[in-house]
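J.: Have a look at the structure that comes next, please.
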Ligand SMILES: [Zn+2]
């Protein structure tokens, strides 16, 4: 009886060891694929609106890449703005070699849609992002809406399609100026990155890197819903299927009324319509 027990014990050990080494061998063969995530910004400081998500992506082990469409040179020299973004990204833990600065003129990106599209698509094809996060379509700054449009087009062209997330900088809703609060869209679920512990600290430090924008950032901060930020975190969401040929809000937009020099939605719509038309005839 004792002999049979010993044999059974030995067999069970052999079985366990076989299972263990099989698991080790399989896990060595197929390490989990890291998530590639691409941030598309209009300006050097838009990162401050989504810095907690960037930090949490880095902490989660994602490969984070970032691209800036304009040179941001209307409010400070382009090299200063690039340096500040590089420093913010260093603080958030994003490798310098993952940063791409396209350098299109601040406030005028709408005049360069086809070129910007080709450059962003080329960059994205190299990165093969699983996720793209861009400015939201919210009528805040015309360059932000360009970032949203380009991101949505590029996300639809990549195979497999990455998830497209969006974040708010500022907008006007029911005549109220809001900062960091997404425009309501039917069926769109707002997500939050909590600012707990390290993430909140990293967000604060990254924001402080934008010395040339300190005054503007202070102005924006005074409009942030601090209670929501503290209790829930920084907003973002999966981008709804925006119709860029319709105004983002049925009232005067920030970039038509508050941003100087002002732009008009008609300018945006004409350029987007021409881009869609040209792409249609290309694919026919
Ligand atoms: Zn901006």
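J.: Does segment 31-125 come out rounded, prolate or oblate by the C-alpha gyration tensor, with a ≥ b ≥ c the root eigenvalues, rounded set by a/c under 1.5 and, if not, prolate when a/b is larger than b/c and oblate if not?
T.: It comes out oblate by the Cα gyration axes.
J.: Shifting gears a bit: Starting with the fewest neighbours, write out 70, 231, 37 ranked by other beta-carbon atoms found within 10 Å of each beta-carbon.
T.: Starting with the residue having the fewest Cβ neighbours, the order is 231, 37, 70.
J.: A follow-up question, please. Test of understanding: in a Gaussian network model of the chain with alpha carbons linked when under 10 Å, which of 48, 246, 123 would top the mean-square fluctuation ranking?
T.: Most flexible of the set in this elastic network: 246.
J.: Out of 238, 138, 157, any idea which swings most in a Gaussian network model of the chain, alpha carbons joined below 10 Å?
T.: Greatest mean-square fluctuation among the candidates belongs to 157.
J.: If each DSSP helix of 4+ residues adds -39,500 (n - 2.57) and the sum is divided by the residues in the chain, what number results at 222 nm, nearest 500 deg cm²/dmol?
T.: -15000 deg cm²/dmol
J.: Relative contact order for segment 36-283: what percent, with Cα pairs under 8 Å and sequence separation of 6 or more?
T.: 23 percent
J.: Moving on to the next point. Determine the shape class of segment 36-283: with a ≥ b ≥ c the square roots of the Cα gyration tensor eigenvalues, call it rounded for a/c under 1.5, and otherwise prolate if a/b is greater than b/c, oblate otherwise.
T.: Judged from the Cα gyration tensor, segment 36-283 comes out rounded (a/c under 1.5).
J.: Specify whether the C-alpha gyration tensor of segment 52-186 places it in the rounded, prolate or oblate class, a ≥ b ≥ c being the square roots of the eigenvalues: rounded for a/c under 1.5, otherwise prolate if a/b is larger than b/c and oblate if not.
T.: Judged from the Cα gyration tensor, segment 52-186 comes out rounded (a/c under 1.5).
J.: Counting only DSSP beta bridges with both residues in segment 36-283, what percent are antiparallel, rounded to the nearest 5?
T.: 30 percent
J.: While we're looking at this one, here's another question. Roughly how many Å is it from the Cα centre of segment 153-226 to that of segment 72-151, as a whole number?
T.: 15 Å
J.: Return the FRET efficiency for the residue pair residue 232, residue 266: r is the Cβ-Cβ distance, R0 is 30 Å, and the value is rounded to the nearest 0.05.
T.: 0.25
J.: Which of these, 43, 164, 112, has the largest mean-square fluctuation under a Gaussian network model of the chain (Cα springs below 10 Å)?
T.: For the chain, modelled as a Gaussian network with Cα springs under 10 Å, the answer is 112.
Every number in this text was worked out from the coordinates using simple rules, so none of it is lab data. Bear in mind the structure is a predicted one, so any value in this text is a computation, not a measurement. Note: ideal-geometry Cβ built from the backbone for every residue, glycine included; neighbour counts use all protein chains shown.
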